[in-house]
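Everything below concerns the one structure shown next.
The values are calculated or read from the model by the stated rules, or taken from the named source; none is laboratory data. From a predicted model like this one, the values you see are computed outputs, not experimental measurements. Glycine also receives a Cβ, built like all others from the backbone with ideal geometry; neighbour counts cover every protein chain displayed. Please note that ligands, DNA and RNA were not included when accessible areas were found on the heavy atoms of the full protein model with its side chains. Shrake-Rupley method; radii C 1.70, N 1.55, O 1.52, S 1.80 Å.
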Amino acid sequence: MAEAQSGPSNARKRKYRSDGVSPTWVKRTIEGPGIWATCVKGKEKGTVGELYDLFESLATDMWPIEGHDSSANDRDNGSDAGENEDDLETQIAKEVAALKRPKVEKRFANCLTNTQCVIFISCKPPVDPVKLVMKHVDNVQKTGVTRTKYTHRLTPVSGTCVANLPELHSLCRRTVAAYCAQENSEGSP
């Protein structure tokens, strides 16, 4: 009888980390290109939030999303037309259509490091972490404003792999070949 009662309660039990925090805002593994960031101890969540805002604003300027601007214009036009119309059904139909729009895929994801003061934010293509950090450094040098409160250091990573010799050779070939191809294309008129 005790086993039957403990079974359903175990099924309903939520999964939490050992420190009691639910890891719903992080990826499990560190993989792919990304940016390592160091921050103030205990301010990891605040750092992640400010870096999401910073990276999204920089990435929007450098790599605009196709169709994203047109949907924003549709929302603005829909709100203006909705205020002028008195038909309730038309307003509801517009709101339902706005809710059914496909969500834009996030370009950045925080990866779980289980380390204090260290954060890894992975970048999805076409975002290049090296160009992103260089753009931020250029902006800081020009304006003198960092736009971050808790972040100490940003280190871009072009790729990651497991620590064995064949994987390291493969990663080096891919990374160096891409860098050399980029340098050759920029150097030629």
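Lys43 versus Arg173, label points 7 Å from Cα toward the beta carbon: distance in nm?
If labels sit at Lys43 and Arg173, their model points lie 4.4 nm apart.
Among residues other than Val40 whose Cβ falls under 12 Å from its Cβ, what is the net charge (Lys/Arg +1, Asp/Glu -1)?
+3
Can you give me the % of accessible surface on the range 90-153 that is carbon or sulfur? Probe 1.4 Å, all protein chains present, nothing else counted.
56
Quick one: net charge around Thr151, please, counting Lys, Arg +1 and Asp, Glu -1 for every other residue with C-beta under 11 Å from its C-beta.
My count for the surroundings of Thr151 gives +2.
Subtract the Cα-Cα distance of Gln91 and Glu31 from 0.36 nm times their separation in residues, and report this length gain in nm to one decimal.
Extending this stretch completely gives an extra 17.2 nm.
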